[in-house]
1. Would you point out the residue of the range 300-349, among those that are among the polar types (S, T, N, Q) and modelled with pLDDT of 95 or more, that is farthest from Leu273 (Cα to Cα)?
2. Based on this model, can you work out whether Tyr289 counts as assigned to a helix (DSSP H, G or I), hydroxyl-bearing (Ser, Thr, Tyr) and on the phi < 0 side of the Ramachandran plot?
3. Identify the residue in the range 255-299 that is at pLDDT 95 or above and among the acidic types (Asp, Glu) and, among all such residues, is nearest to Ala180 (Cα to Cα).
4. Is at least one residue of the range 137-155 over 20 Å from the mean Cα position of the chain (by Cα), without any contact (Cβ under 8 Å) to a residue 24 or more places away in the chain and not in a loop (DSSP other than H, G, I, E, B)?
5. So which residues in the range 301-345 are of a type in the set (Phe, Trp, Tyr) and closer than 16 Å to Lys170 by Cβ?
6. Which of (1) in contact (Cβ under 8 Å) with a residue 60 or more places away in the chain; (2) surrounded by fewer than 22 Cβ atoms within 10 Å (Cβ to Cβ); (3) in a loop (DSSP other than H, G, I, E, B) does Asn272 not meet, given it meets every other one?
7. Give me the pairs: first residue in the range 105-124 and at positive phi, second residue surrounded by 12 or more Cβ atoms within 10 Å (Cβ to Cβ), beta-carbon distance under 8 Å, and six or more apart or on different chains, which are they?
8. Could you tell me which residue of the range 194-241 is modelled with the lowest pLDDT, considering only residues that are under 30 Å from Gly131 (Cβ atoms) and not in a strand (DSSP E or B)?
Amino acid sequence: MIVHRAIVPLFLVVLFIPFFTIATLVSHETQTGLHSQTVKFEFYPHTYDKCPDLPSPFTMDDGIEIVLAITVNQKFTLIPVTVDKGDSLGYRENDWDKIRILYVEEKDFPTLARTGLHSEIELDYTRQITGLSVAEITSSGRPGASSGEGFMARNEDIVSVLRGDNRLVKKLGLTHPQLAKPLFHVWNLIRWVNYKNQSFRRSRTIDGIDHFLYNGQKIHILNSGGRGWQPSIFNDEILGMYHIEFSMELDDDQKAFVRTRYPNLDNREQENLIKILSHIHTGEMVPFYIMRYGFYEGHTGYRADPIAVSHIFGLRSLEDIEKSFKGNLYKTLTEHFTRASISAGEGWR
C-alpha cells in the first residue's frame, strides 16, 4: 500500500509514544544528570528560571547526552537525548527501543563502516544493498512507488544519490555519523517530551517547547504523524510515521552574505537558497538511513540535505560552507544527482 506521508494532527501520533519509548525512557526516569560529580541537574518537565551553565549539546559525567531547551513560558529545561547503541532488530516486532541506532551496513559498505564515508570504488561496484538489487531499491524509492513523494527524484537512482551526498559530506570535512547524530538528538527530544507529557492535543508543536539550542544555534521544531507506517526501501527493520520539521533563522548579516555572494540569483532564488540552508522537512527514518547507508534521501520534499544539516546544527558556519563550494552553493543544493551529473563530477572531486 502506498503511504503518502501526509501530515495529520499530532494526537494521532502520541497514542503510540508511551508504548514504544517506555523501555529506554524509563531508564532515565529516576535519574538526574551528573556533572563534575558535584552538580546534579533535573530533566524536563523540570524547568529552571536561570539558564544552566552548560553548553548544548553536552555529555554529562554519567554519559547522558542532553540539550538545553527554552519553553514557551521562557523557562529553561534540560532534555536527555542520548544516542544508545541498541542490540537487536525488533522494529517490526513492536520493540522499537531495541532498533540498532548505530548500526552501519558493513557487509555492503565496509569503508563506510570503518571511516564514516563511502569508497567511490565500492560504490562503482555496488549492485545490491541489503540483498536487494539497486534497481529494486531505485524503483521502490521513486515517486508514487512505496510512497507518494518518493525517496528520490525520478531522474535519480540510489547509487547516484549515495555518491552525490558522499561527495558533499567529504567536501564539508565531515562524516555521515557526525551528521546523523544531531538528527537522532532531535528524534530523541521529540520522544522524551511526548512521553513525559502524554499529550493528546491537536498540535504540531512539541508541547511546551519553544526552541532548543545546539552549538549556539536556536532551532525551532515541529512534528506530526502520517497515515500509517511508511515501509523502508531497503531490506531492513526501519519504519517511519513522523513528519519532522526544524528550522533556524539566518540573521541579517548571514542574509546579506548570501545576497552579496550570489548577486546573480534573482530574489526568488536567493530566498530559496536561504530556506534550504535554514529549514528541513523530513522523517525519523532519515537519521537511521544516514547512519547505515549515507542516504539523506534524494531531491524530494523529505530530503535532509547534509549541507543544511551542517549549517542548522552549527557543525559548519555559512562562511565555511561557502569556502567549500566556492560560488556553486545554489547549484549544489538544487541540482539533482543524475548519473550524468555524478559521472561528470560537477567539480566535486
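1. Thr338
2. Values: assigned to a helix (DSSP H, G or I): yes; hydroxyl-bearing (Ser, Thr, Tyr): yes; on the phi < 0 side of the Ramachandran plot: yes.
When the stated conditions are applied, Tyr289 passes them.
3. Glu297
4. yes
5. Phe325, Phe337
6. Unmet condition: (3).
7. Between residues of the range 105-124 that are at positive phi and residues that are surrounded by 12 or more Cβ atoms within 10 Å (Cβ to Cβ), the close pairs are Gly116/Thr175; Gly116/His176; Gly116/Pro177; Gly116/Gln178.
8. Selected residue: Glu237.
The values are calculated or read from the model by the stated rules, or taken from the named source; none is laboratory data. Bear in mind that the values here come from a model prediction, so they are computed numbers and not experimental data. With ideal geometry, Cβ positions are generated from the backbone for all residues, glycine too; neighbour counts draw on all protein chains shown.
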